[in-house]
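*Asks:* Sharing a structure here in structure tokens format.
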Amino acid sequence: MKQVYVVAGTVKGYYHLMQYVEDITGHPQQVCIEKRLEIIQFFEKYGKEATEIAYKKKRSTIFLWKQKLKKAGGKLSALAPWTEHLKTSGTE
């Protein structure tokens with residue numbers, strides 16, 4: 001079972017943590033969301049250069065993910081990649 005960690009300071013208490021974890025449980029993009037969280041944590045711990053080498057992600061991308069997470073109030077589903085097919089209305 002993979003553990004999910006939330007950025008420190010965004011969640012207080014077990015009840016709130018479970019709300020955030022429940023937010024992505026069963027989410028179609030759960031694997032991608034967890035990977036992005038992992039990259040953010042790696043960036044915080046090891047810095048820009050190590051992250052670019054290990055994950056091939058730039059600082060601007062990581063800051064964009066952190067900004068999305070902050071704007072969503074810490075909801076992990078904000079890290080899900082946006083796809084074009086969700087935008088289409090079905091009428092062509």
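*Asks:* For Gln29, which sequence-distant residues (separation of 5 or more, or a different chain) have an amide H within less than 5 Å of its own amide H, given hydrogens modelled in the peptide plane?
*Replies:* Amide H to amide H, under 5 Å and 5 or more residues apart or across chains, Gln29 pairs with nothing.
*Asks:* May I pose another question? Going by C-beta contacts inside 10 Å, put Lys57, Lys70 in order with the fewest on the left.
*Replies:* So the ranking, lowest neighbour count to highest, is Lys70, Lys57.
Where a number appears in this text, it was derived from the coordinates with a stated rule and is not lab data. Fair warning: this is a prediction, and the values are worked out from it, not measured in the lab. Note: ideal-geometry Cβ built from the backbone for every residue, glycine included; neighbour counts use all protein chains shown.
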